[in-house]
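Presented below is the structure to which this report refers.
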Amino acid sequence: MLVSQTRLCEGKTLEVATTQWPHPHEPVLVWRRARSWKHGPTPEQLERARQRLLTTRKYFFRCKFCQELADSGWSYESDVCYGCATVHFGVLY
């Protein structure tokens with residue numbers, strides 16, 4: 001359920017997977033361009049860019065209950081993941 005994914009496309013573009021909900025019962029994983037390099041990144045540049053993405057609220061958040069890093073598409077509230085919403089608030093999905 002809680003996915004944090006990135007990929008390097010064509011050696012020059014860093015993409016991040018985000019979850020969207022076109023229907024209430026059907027999540028869809030969508031890849032979005034997050035960063036591009038003209039000649040491709042060095043391993044250090046790529047790692048720095050990936051680490052920055054993990055702290056970008058647009059893509060990920062840390063649940064205030066379980067402290068897990070979660071895809072923003074799986075948030076019940078701005079800082080509660082779906083799993084903890086079920087445990088702490090009785091929300092059923």
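A short reminder: the numbers here are calculations on the coordinates, not readings from a lab. Small disclaimer: the values here were computed from a predicted structure and weren't measured. Methodologically, a virtual Cβ is constructed for each residue, glycine included, from the backbone with ideal geometry; neighbour enumeration extends over all protein chains shown.
Pull up segment 68-92, narrow it to residues that are hydrophobic (A, V, I, L, M, F, W, C) and part of a helix (DSSP H, G or I), then point me to the one that is surrounded by the most Cβ atoms within 10 Å (Cβ to Cβ).
Trp74
Got at least one residue in segment 77-87 being among the acidic types (Asp, Glu) and touching a helix residue (DSSP H, G or I) at 6+ places or on another chain (Cβ under 8 Å)?
Scanning segment 77-87 turns up at least one residue that is among the acidic types (Asp, Glu) and touching a helix residue (DSSP H, G or I) at 6+ places or on another chain (Cβ under 8 Å).
Only one of (1) in contact with a strand residue (DSSP E or B) (Cβ under 6 Å, 6 or more places away or on another chain); (2) surrounded by 15 or more Cβ atoms within 10 Å (Cβ to Cβ) fails for Trp31. Which number is that?
Among (1) in contact with a strand residue (DSSP E or B) (Cβ under 6 Å, 6 or more places away or on another chain); (2) surrounded by 15 or more Cβ atoms within 10 Å (Cβ to Cβ), the lone unmet condition for Trp31 is (2).
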